[in-house]
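Read the structure below first, then the notes.
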Amino acid sequence: MYFTARKTKRLYIGNQAEYFSRAGSLARLGHPLDVDVSLIDWNDFRAWIFKKYAKSHAPTIYCYAKKYAFMLNGNFKELETFSGSKKNTVLKALIALSKFLGVYEGFKAALSSYGVKFARTDSFDAFLRIIKNSSDDLLEWYSKAYAVVRDNEKLFLRFALISGLRKSEAINSFNLIISLAKKNDLKSYFNEDLSCLEHFRFKQFFLRGKKNAYITFIPEEMVNEIANSEPITYEAIRKRLLKNGLKLRINELRDYFATFMVKHGLIREEVDLLQGRIPPSLFVRSYWSPSFKELRERVFKALEKLEEVML
């Protein structure tokens with residue numbers, strides 16, 4: 001097994017005569033790769049990362065990959081001292097770096113040889129998350145945040161809440177609506193018959209491997225409000241909230257949306273679909289075919305109640 005070298009000089013495994021070939025043979029034997037970290041083109045890697053990952057996540061991947069690149073050679077002792085979440089983030093960063101360098105298969109073999117696995121959230125951690133994620137507390141935060149942000153940001157918070165999108169997806173969607181409306185091309189994104197934003201048509205923004213967004217049912221009136229609003233940035237909202245002594249809890253609106261929808265008539269598979277998750281079950285992937293018009297009506301009924309609660 002040999003690894004394909006990239007056009008620019010980034011990595012040597014062993015000496016130049018063994019360029020990449022030694023990685024393949026050692027990986028097969030379960031030995032660590034011999035990666036010369038000093039030859040990695042970090043500027044090129046940074047550009048690659050920022051094209052592949054969301055802007056909010058790319059800096060973390062880049063920084064961790066650069067800081068822990070030495071672990072590509074199989075030095076995983078420090079990794080096991082990290083918390084579960086940090087360990088997982090470092091592993092994701094190293095996997096991204098190994099793919100960029102063309103040595104992913106060898107690195108994966110090294111992880112397997114050393115028995116390194118992603119940390120799983122145990123039941124107690126899940127219980128603590130549920131306890132800490134108080135809906136009453138979030139409602140109070142939403143009310144305070146809504147009072148201190150600008151008009152377009154107020155509209156964004158409402159949109160983030162009723163869409164159930166991830167923070168970065170909600171920002172991309174909000175700004176995309178505005179951009180397409182200015183070009184008189186909103187129909188390429190908003191399906192008027194279903195009153196639905198079709199995120200899947202814009203893969204570069206919404207289809208990101210394991211984190212995807214496919215569709216969002218949203219009233220046409222809100223789409224028109226957003227179309228006539230101003231673009232938003234997370235940094236502007238972040239500064240405004242911190243200035244007013246408020247935490248950053250936009251991502252929690254997604255959790256609240258999911259819980260609320262299940263409580264008000266949607267089944268788990270439907271909520272998963274709305275939040276970009278396609279479960280691996282045979283039933284969902286092969287047999288389940290919901291009526292989108294019927295689902296839209298039930299979503300809108302639940303959204304009416306949701307907005308009443310948040311007012």
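Starting with the highest mean, order 203-209, 270-276 by the number of other Cβ atoms within 10 Å, averaged over the residues of each peptide.
Averaged packing, sorted descending, gives the order 270-276, 203-209.
I'd like the FRET efficiency for LYS210 and LYS293, computed as 1/(1 + (r/R0)^6) with the beta carbon distance as r and R0 of 41 Å, rounded to 0.05.
Numbers: r = 29 Å, r/R0 = 0.71.
According to the calculation, E is roughly 0.90.
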Could you compute the FRET efficiency for LEU194 and VAL309, with r as their C-beta to C-beta distance and R0 at 25 Å, rounded to 0.05?
0.50
Extending each Cα 7 Å along its Cβ direction at ILE95 and LYS67, get the distance between those two points in nm, one decimal.
2.0 nm
Here the Kirkwood hydrodynamic radius of segment 127-310, Cα-based and in Å, equals 17.1 Å
With no solvent and one equal point scatterer placed on each C-alpha of segment 174-225, evaluate the Debye formula and give log10 I(q)/I(0) for q = 0.16, 0.23 Å⁻¹, two decimals.
-0.44, -0.86
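Can you tally the net charge around PHE190? Count Lys and Arg as +1, Asp and Glu as -1, for every other residue whose Cβ sits under 9 Å from the Cβ of PHE190. Display every interim value, and only then the final one.
Details: positive: LYS187; negative: GLU192, GLU198, GLU220.
Combined, the nearby Lys, Arg, Asp and Glu give -2.
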Residue by residue, what Karplus-based ³J(HN,Hα) values in Hz, rounded to whole numbers, does segment 145-152 have, using 6.51, -1.76 and 1.60 with θ = phi - 60° and x for Gly and Pro?
5, 4, 6, 10, 8, 6, 4, 5
Sort 66-72, 148-154 by the packing proxy (mean of other Cβ within 10 Å over each peptide's residues), most packed first.
66-72, 148-154
Sorted by chain and number, the residues with a modelled amide H under 5 Å from that of PHE82, at a separation of 5 or more or across chains, are none
Whose amide H sits under 5 Å from the amide H of ARG208, counting only residues 5 or more places off or on another chain, with H placed in the peptide plane?
ALA213
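In this model, which of LYS187/LYS243; LYS154/LYS187; LYS92/LYS144; LYS182/LYS247; LYS117/LYS239; LYS87/LYS203 are farther than 31 Å apart at the alpha-carbon?
Working: LYS187/LYS243 38 Å; LYS154/LYS187 24 Å; LYS92/LYS144 35 Å; LYS182/LYS247 33 Å; LYS117/LYS239 37 Å; LYS87/LYS203 29 Å.
Long pairs (Cα-Cα over 31 Å): LYS187/LYS243; LYS92/LYS144; LYS182/LYS247; LYS117/LYS239.
Can you tell me the FRET efficiency between LYS55 and LEU246 if r is taken as the Cβ-Cβ distance and R0 is 25 Å, rounded to the nearest 0.05? Walk me through the numbers on the way to the answer.
Details: r = 22 Å, r/R0 = 0.89.
Approximately 0.65, to the nearest 0.05.
Arrange the following residues from fewest to most other Cβ atoms within 10 Å of their Cβ: SER98, SER113, SER83.
SER83, SER113, SER98
Since every read-out is calculated from the coordinates, none of them should be taken as a lab result. All of these numbers come straight from a predicted model, not from anything done at the bench. No Cβ is skipped: glycine too gets one built from the backbone with ideal geometry, and neighbour counts run over all protein chains shown.
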